[in-house]
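Written out below as structure tokens is the structure these notes cover.
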Amino acid sequence: MSDPLAQLLQLSEHEKVERGLLHTPREIAQQPETWLTTYNRCTNNARELKDVLRQAGVGRGSTSSPTVYLVGAGTSDYTGRALAPMLRRRWGCEVWPLPSTTVLTDFEDYHHAGKEYVWISFSRSGQSPEGVALLERALERCKHIRHIVITCNPEGPMAQVCARHSDRAYALVLDDAVNDRGLAMTSSFTNMLLAGQCVAHLEDIEQFGVVVQKLCAAGKAFLPDAAETAAEVTTLGCMRACFVGSGSLRAVADECALKVVELSSGRVTTLAETPLGLRHGPLSSVDVQTLFTAFLSSEPRRRGYELDLLKEIDRKRLGRVRLVVTTGDGGDVADLADCRLTLSLPTNFDDYCRPVLDVMLGQLLGLFASMRCGLRPDQPSPSGAITRVVQPIQLYS
């Protein structure tokens, strides 16, 4: 089969519009090209970003550094989850991903007098009602909190709020090309995540550029293979999908599960877990209608647990089809998976940097599952249950 994603991109404009394929395939396909643009934008803003972090006290050491919260909702929350392990290692301080939907309702539980905090907030549109309300409330009530907002929309309320509070808040606005027009966040997710990785590497941003170049090259090589695999396995009509990963790759599993359920309008039910966590009950959901996908770590200890899970699933004959994504040649899983996708990276490539690559498989599975369900991927919710920007909510003081 030739690259099915490329085939969608070659459709006439009229057919793309009719089938709801004008935005989502293009936004998935453009990702490797856009990562370098995001890296350059972060490099150009490095001085201002360093100033914010220095004023906030990041880098003073684990005993006196502030607590860092990574704030977002839905996919933007998973951005923070994928970034947190890297920031903990790089900055040597407490870093916690917190859904804005949780912080809005439980604000006082997460902020204590006498402690310092830095928020890094993620929002594609900068229009999320929870995100806007929370940022405004934090700036009003907690004048000691420093904020960085990573967004794709310069006109969004969150970017405008930062402009009004430039002494405490800074908006890193990414290129408009990654402000996804489709319902599902795809290129906005990977670019906001890459921007967060750049923020983690501000002290050696030029060296990190070498990693970005490798990610771009690996992404271009991965997309056609992942698209072919996704198009093929979704023809099986699996009504369930289970994704597992460890560390940063657990957040990839979360985001892939969300992409499939969003783009299939809930017709494919999904689950995300760690390899060890799956064995404590959720394994019972991996039945003959399940697509099982594992994102395998490059770290030997984590990989050992992952291989044990694959062996258990093989021994118990669970799942309709088993798919793995790995670095290296993946020879140790050759007999444990029906489909094996290999990233064009060294065997020991850091898991912390990988999420922008691995997640593209989940995006493609969601895209082709949406089409198999007879939906329009750009607007896959016929009932209007979900929309591109979450609807306004009543706020309570």
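The values are calculated or read from the model by the stated rules, or taken from the named source; none is laboratory data. Everything quoted here is computed from the prediction, not taken from an experiment. Because the Cβ atoms are built from the backbone with ideal geometry, glycine has one as well, and the counts that use them run over all protein chains shown. Heads up: the accessible areas ignore ligands, DNA and RNA and are worked out on the full protein's heavy atoms, side chains in. Shrake-Rupley method; radii C 1.70, N 1.55, O 1.52, S 1.80 Å.
Based on this model, can you work out whether A113 counts as farther than 22 Å from T75 by Cα, assigned to a helix (DSSP H, G or I) and either open to solvent by 10 Å² or more (accessible area, probe 1.4 Å) or not small (G, A, S) (or both)? Full working, then the answer.
Values: farther than 22 Å from T75 by Cα: yes; assigned to a helix (DSSP H, G or I): no; either open to solvent by 10 Å² or more (accessible area, probe 1.4 Å) or not small (G, A, S) (or both): yes.
In short, no.
Which condition from (1) touching a residue at least 40 places away in the same chain (Cβ under 8 Å); (2) among the β-branched types (V, I, T); (3) part of a helix (DSSP H, G or I) is the one that T347 breaks?
(3)
Does region 282-291 contain at least one residue that is within 15 Å of L323 (Cβ to Cβ), over 21 Å from the mean Cα position of the chain (by Cα) and not polar (S, T, N, Q)?
So far as region 282-291 goes, yes, one or more of its residues are within 15 Å of L323 (Cβ to Cβ), over 21 Å from the mean Cα position of the chain (by Cα) and not polar (S, T, N, Q).
Given the options S121, S187, S125, name the one that is closer than 25 Å to L364 by Cα, modelled with pLDDT of 95 or more and among the small types (G, A, S). Please lay out each step first, then the result.
Numbers: S121 fails: closer than 25 Å to L364 by Cα; S125 fails: modelled with pLDDT of 95 or more.
From the options S121, S187, S125, the qualifying one is S187.
Which condition from (1) of a type outside the set (D, E, K, R); (2) open to solvent by 60 Å² or more (accessible area, probe 1.4 Å); (3) part of a loop (DSSP other than H, G, I, E, B) is the one that Y305 breaks?
Unmet condition: (3).
Test each condition in (1) part of a loop (DSSP other than H, G, I, E, B); (2) of a type in the set (A, V, I, L, M); (3) farther than 28 Å from P392 by Cα for A6 and report the one that comes out false.
(1)
Check A334, A369 and return the single one that is open to solvent by 40 Å² or more (accessible area, probe 1.4 Å) and of a type in the set (A, V, I, L, M).
None of the other options fit; the residue is A334.
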